[in-house]
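This report concerns only the one structure given below.
No lab work stands behind these numbers, since they all come straight from the coordinates. No experiment lies behind these values; they were computed from the predicted model shown. Cβ placement follows ideal geometry from the backbone for every residue including glycine, while neighbour counts extend to all protein chains displayed.
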Ligand code: PHE
């Protein structure tokens, strides 16, 4: 009787296992080699019928082969499972589907309006500069001719950063400087004059803060555009012409305007500009001729140099531009409101 050829059996088993590519083929392979009537099982069972001299070697070899084939089977099954999940994942990605759109930001209506206003001023020959929002009280008030304890300070309810010195300054001593959130952009008049000489023609856009109750037309934060023009021979008619020209370009050429007297400590004379809107007069900005003391404090001869300044609220112009009746919408962060300006031109 011929001895079983274990090498041939292993070769057949490996070749067939490599060809098995699905669960049914794997099952069939296992039945054929390792099942109750499988080839290897048959060899193991036949060992006892072999000549005694051959039994130990064949028995040992067949047992070892059993372990080898079982391990090969497990390995093959795992490889097939891995391959299947990769193929499944690949099949579930459909590269021809339209892309999911990502949420995209947009400019805020006040930003759109500020940029549009800046554009008009730029066309009129103004430079654009910015200044600090945290400001010294000397720039926000004193050098604008609004001294400490002067009732004019009440025009600007101030958010202070530094506390008021509890004990108060010693007799005759200068009070310590205090920082605040600027209540208007006018401090930049002083700052700009520190570093520039006439001819000056700038606007200063930026956020300002006022500690006051909010209502439909007032917020605790507002965006202003300050204007400053200083040169030889600048007159009140220049102020009027510039501001009328601005509102006509921005809101419409047929707009009716009126100037009335107003008081700001840093201008003389001071004025406010009103526009006829919805059958009523609406004040849209403060202005005036730069006070001669401010020109002199900047080291310029007020007999030679004159100028005008103005300050306007961007939110107010945004309300007019878009027909919005409550300023609080701008900062309530309600997307239903904000998304209406998607794609709006500046
Ligand atoms: N700074 C003033 C305000 O905020 C406006 C203003 C600016 C008035 C410049 C005159 C000249 O109320």
To the nearest 10 degrees, the tilt of helix 236-251 (Cα long axis) against the first principal axis of the alpha carbons of the chain is 30
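Please work out the FRET efficiency for the pair residue 157 and residue 74, using the Cβ-Cβ distance as r and a Förster radius of 51 Å; give the result to the nearest 0.05.
Numbers: r = 80 Å, r/R0 = 1.57.
According to the calculation, E is roughly 0.05.
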Debye calc, one equal point scatterer per Cα of the stretch 36-108, no solvent, log10 I(q)/I(0) at q = 0.23 1/Å comes to -1.02
Could you check what % of the DSSP bridge pairs in the chain are antiparallel, to the nearest 5? 95
Overall dimensions of the stretch 1-147 as given by Cα atoms, namely Rg and Dmax in Å: 41.2, 124
Using every Cα-Cα pair within the stretch 107-159, state what percent have a distance larger than 18 Å. 55
Can you give the three extents of the C-alpha atoms in the chain along their principal axes, from longest to shortest, in whole Å? 133, 58, 38
Residue-averaged 222 nm ellipticity for the chain, from DSSP H runs of 4+ at -39500 (n - 2.57), nearest 500: -12000 deg cm²/dmol
Just to confirm the number: angle between the C-alpha axis of helix 6-19 and the first principal axis of the chain, 0 to 90 degrees, nearest 10? 30
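If you average the sequence gap of Cα pairs under 8 Å that are 6 or more apart and divide by the length of the chain, what percent do you get for the contact order? Walk me through the intermediate numbers first.
On the way: 472 pairs, mean separation 50.5, N = 346.
Relative contact order here is 15 percent.
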By average Cβ neighbour count within 10 Å, what is the ranking of 268-274, 215-221 from highest down? 268-274, 215-221
Quote to one decimal, in nm, the extra length available between residue 60 and residue 218 on full extension: 0.36 nm per residue of separation minus the C-alpha distance between them. 47.2 nm
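Given contacts defined as C-alpha pairs under 8 Å and at least six residues apart, what's the relative contact order of the stretch 169-268, whole-number percent? Before the final figure, lay out the partial values.
Numbers: 80 pairs, mean separation 21.1, N = 100.
Contact order relative to length: 21 percent.
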How big is the gap, in Å, between the Cα center of the stretch 102-155 and the Cα center of the stretch 304-326? 10
In a GNM of the chain with a 10 Å cut-off on Cα contacts, which of 321, 36, 210 has the highest mean-square fluctuation? 36
Using only Cα atoms, locate the centre of the stretch 45-61 and the centre of the stretch 248-284, then give the distance between them in Å, rounded to an integer. 115
Once the Cα atoms of helix 55-92 and of the chain are each reduced to a long axis, what angle between those two axes, in degrees from 0 to 90 to the nearest 10, is obtained? 30
Over the Cα atoms of the stretch 222-346, how large are the radius of gyration and the largest Cα-Cα distance (Dmax), in Å? 17.1, 55
Starting from the Cα coordinates of the stretch 142-235, work out the convex hull volume and express it per residue in Å³. 151
Can you give the relative contact order of the stretch 55-186 as a percent, counting alpha carbon pairs under 8 Å and 6+ residues apart? 21
